[in-house]
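> Dropping a structure here in structure tokens format, bear with me for questions.
The values are calculated or read from the model by the stated rules, or taken from the named source; none is laboratory data. All values reported here derive from a predicted model rather than from experimental measurement. We place every Cβ from the backbone using ideal geometry, glycine too, and count neighbours over all the protein chains shown.
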Amino acid sequence: METYKPGETAPDSGELVEIGPRGGKIEDGRRVVIERGETIPPTSEAGNLFRYKKGSKTTH
């Protein structure tokens, strides 16, 4: 599954969930609902990434 760094432009609308630098689940990680074209927000810790929650990604 593709990952996204803070500051990148969201390619699609949907819900992003924060993951660790190697793709692991983060306890109390950020969850963000974002629209296509918006800037992806900062993570709770440096080095973490975002990925789309399964089934939430939309392209409109």
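> Restricted to the stretch 50-60, and to residues that are in a strand (DSSP E or B) and at pLDDT 90 or above, which residue is farthest from the chain's Cα centre (by Cα)?
So in the stretch 50-60, the residues in a strand (DSSP E or B) come out as 50-52, 58.
Applying the additional criterion that residues be at pLDDT 90 or above yields 50-52.
Values: Phe50: 3, Arg51: 4, Tyr52: 6 Å.
The extreme case among them is Tyr52.
> Something else now. Quick one: is Glu35 modelled with pLDDT under 95, of a type in the set (Asp, Glu), loosely packed, with under 14 Cβ neighbours inside 10 Å and farther than 13 Å from Thr3 by Cα? Please lay out each step first, then the result.
Values: modelled with pLDDT under 95: no; of a type in the set (Asp, Glu): yes; loosely packed, with under 14 Cβ neighbours inside 10 Å: yes; farther than 13 Å from Thr3 by Cα: yes.
Considered against the rule, which asks whether it is modelled with pLDDT under 95, of a type in the set (Asp, Glu), loosely packed, with under 14 Cβ neighbours inside 10 Å and farther than 13 Å from Thr3 by Cα, Glu35 comes out as no.
> Output the residue which, of all residues in the stretch 5-24 that are in contact (Cβ under 8 Å) with a residue 40 or more places away in the chain and farther than 11 Å from Phe50 by Cα, is surrounded by the most Cβ atoms within 10 Å (Cβ to Cβ).
Going residue by residue through the stretch 5-24, those that are in contact (Cβ under 8 Å) with a residue 40 or more places away in the chain are 5-6, 12-15.
With farther than 11 Å from Phe50 by Cα added as a condition, the list becomes 12-14.
Values: Asp12: 14, Ser13: 17, Gly14: 19.
Among those that are in contact (Cβ under 8 Å) with a residue 40 or more places away in the chain and farther than 11 Å from Phe50 by Cα, it is Gly14.
> Kindly evaluate Glu27 against the criterion of being surrounded by 12 or more Cβ atoms within 10 Å (Cβ to Cβ) and either of a type in the set (D, E, K, R) or part of a strand (DSSP E or B) (or both).
Details: surrounded by 12 or more Cβ atoms within 10 Å (Cβ to Cβ): no; either of a type in the set (D, E, K, R) or part of a strand (DSSP E or B) (or both): yes.
Against the criterion (surrounded by 12 or more Cβ atoms within 10 Å (Cβ to Cβ) and either of a type in the set (D, E, K, R) or part of a strand (DSSP E or B) (or both)), Glu27 does not qualify.
> As an exercise: evaluate Glu2 against (1) loosely packed, with under 11 Cβ neighbours inside 10 Å; (2) closer than 17 Å to Thr58 by Cα; (3) free of Cβ contacts under 8 Å to residues at least 40 places away in the same chain and give the number of the one condition it does not meet.
Answer for Glu2: the failing condition is (3).
> OK, next. Give the residue, chosen from Gly14, Gly47, Gly37, that is part of a strand (DSSP E or B) and on the phi > 0 side of the Ramachandran plot.
Numbers: Gly47 fails: part of a strand (DSSP E or B); Gly37 fails: part of a strand (DSSP E or B).
That would be Gly14, the only listed residue that is part of a strand (DSSP E or B) and on the phi > 0 side of the Ramachandran plot.
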